[in-house]
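Values quoted throughout were computed directly from the atomic coordinates according to the rules given, and no laboratory measurement underlies them. Keep in mind that what you see is a predicted model, and the values were worked out from it rather than measured. Using ideal geometry, Cβ is built from the backbone for each residue, glycine included, and neighbour counts are taken over all protein chains shown.
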């Protein structure tokens, strides 16, 4: 595996030195790139990425994107929008000062109940439970795919078990996911505190209001971050989508025009979900489907490119160019 990574890095370096990315950028110059971030721990690495964005792309806001999609107002060549999912506190502490320094517009999609302090994101709860459980092994017998058996001897095994359980729960009907989350403390013999630890804490509403006057704008990412396609009731889908919009608008006292589907893959979004988003009054919605966006595309199924500050610099540049993403 290490040898394979070394070969990939070598090929990537040769491609970059040969000017391959300049060709890719020119070929993709009419497409809109939307970057997708989640967490931030390294301001210096993000600063290097922002320098690259400013030197090679035309940063645009989602308000500009919405105008482009609706009225045909042209975007500059190699346009790029930046988005951040969930609304963790590290955006204010680490990322926002960097985006502000580089004058790069960024849209942050907020899970409204997370910011209200009534929950912490469920994937973090699962991770916490596995990392702190006193058990040395865990058998999951509540999933449709059958029994899953996890050793919990090492930190890595615990993280791997948490990831696999989360991915399995994303495929279940939402009532099964919620029941499993409620039973997790008993199954893993661990008490889960009502509030997340500082590393997984949400933004404060006062920070959101402060940043909303700068380069940051804020969109909705549902109230509790379920996979919308797994919810059986239309009223509950409406509550998650329109309810998050209403709550964020109440706290910011300004319109919320942009939405982000939780998980956001092909099987996570139904036509009903898209219709609820339209009916709620959003102007755009983003997925996790990779690729570029064009004026003829659907503004409620926008594609994004997943990145993070810790990426290998050459690989980040490749992702930003939309080369094999």
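Regarding the stretch 231-325, what is the average projected area of its C-alpha convex hull, in nm²?
So the mean shadow area of the Cα hull is 7.7 nm².
Estimate the FRET efficiency between residue 186 and residue 118 by the formula 1/(1 + (r/R0)^6), using the beta-carbon distance for r and 22 Å for R0, to the nearest 0.05.
0.55
May I ask you to list the residues of the stretch 303-325 whose amide nitrogen lies under 19 Å from a point 7 Å from Cα along the Cα→beta-carbon direction of residue 56?
Zone members listed by number: 304-325.
Can you tell me the FRET efficiency between residue 27 and residue 47 if r is taken as the Cβ-Cβ distance and R0 is 22 Å, rounded to the nearest 0.05?
Plugging the Cβ-Cβ distance into 1/(1 + (r/R0)^6) gives 0.20.
Compute the normalised compactness of the stretch 45-84: alpha-carbon radius of gyration over 2.2 N^0.38 Å, N being the residue count.
The reported ratio for this selection is 1.28.
For the stretch 10-115, what D do you get in µm² per second when you plug the Kirkwood radius from alpha-carbon pairs into Stokes-Einstein at 25 °C and 0.890 mPa s?
So the translational diffusion coefficient is about 161 µm²/s.
Stretch residue 167-residue 179 to full length: gain in nm at 0.36 nm per residue minus the Cα-Cα span?
Stretched fully, the residue 167-residue 179 segment lengthens by 2.8 nm.
When the helix-only estimate is applied to the chain (DSSP H runs of n ≥ 4, each -39,500 (n - 2.57), divided by the residue count), what is the mean residue ellipticity at 222 nm, nearest 500 deg cm²/dmol?
-13500 deg cm²/dmol
Quick one: in the stretch 122-188, what % of C-alpha pairs are over 18 Å apart?
26 percent
Taking the Cα centre of each part, how many Å lie between the stretch 216-245 and the stretch 82-96?
Rounded to whole Å, the Cα centres lie 20 Å apart.
Indicate, rounded to the nearest 5 percent, the antiparallel portion of the DSSP beta bridges found entirely in the chain.
20 percent
What does the stretch 78-157 give for Rg and for Dmax, in Å, if only its C-alpha atoms count?
In Å, with Rg to one decimal and Dmax whole: 18.6, 51.
Binning at 5 Å from 0, report for the stretch 50-197 what percent of all alpha-carbon pair distances ends up in each bin.
Percent of Cα pairs in each bin: 2, 8, 14, 15, 13, 10, 11, 10, 9, 7, 2, 0.
Calculate, axis by axis, the spread of Cα positions in the chain along the three principal axes, and write the results as whole Å, longest axis first.
55, 52, 35
Work out, in µm²/s and without decimals, the Stokes-Einstein translational diffusion coefficient of the stretch 113-259 at 20 °C, 1.002 mPa s, Rh from Kirkwood over C-alpha pairs.
126 µm²/s
If each residue of separation counts as 0.36 nm, what is the full-extension length gain between residue 139 and residue 236 once their alpha-carbon separation is subtracted?
31.8 nm
Using alpha-carbon pairs under 8 Å, 6+ residues apart, how would you state the relative contact order of the chain in percent?
23 percent
Let me check I have the definition right: for the stretch 258-302, take the eigenvalues of the Cα gyration tensor, multiply each by 5, take square roots. What are those semi-axes in whole Å, largest first?
The equivalent ellipsoid of the stretch 258-302 has semi-axes of 15, 14, 9 Å.
Return an integer: the convex hull volume of the alpha-carbon atoms of the stretch 165-221, in Å³ per residue.
143 Å³
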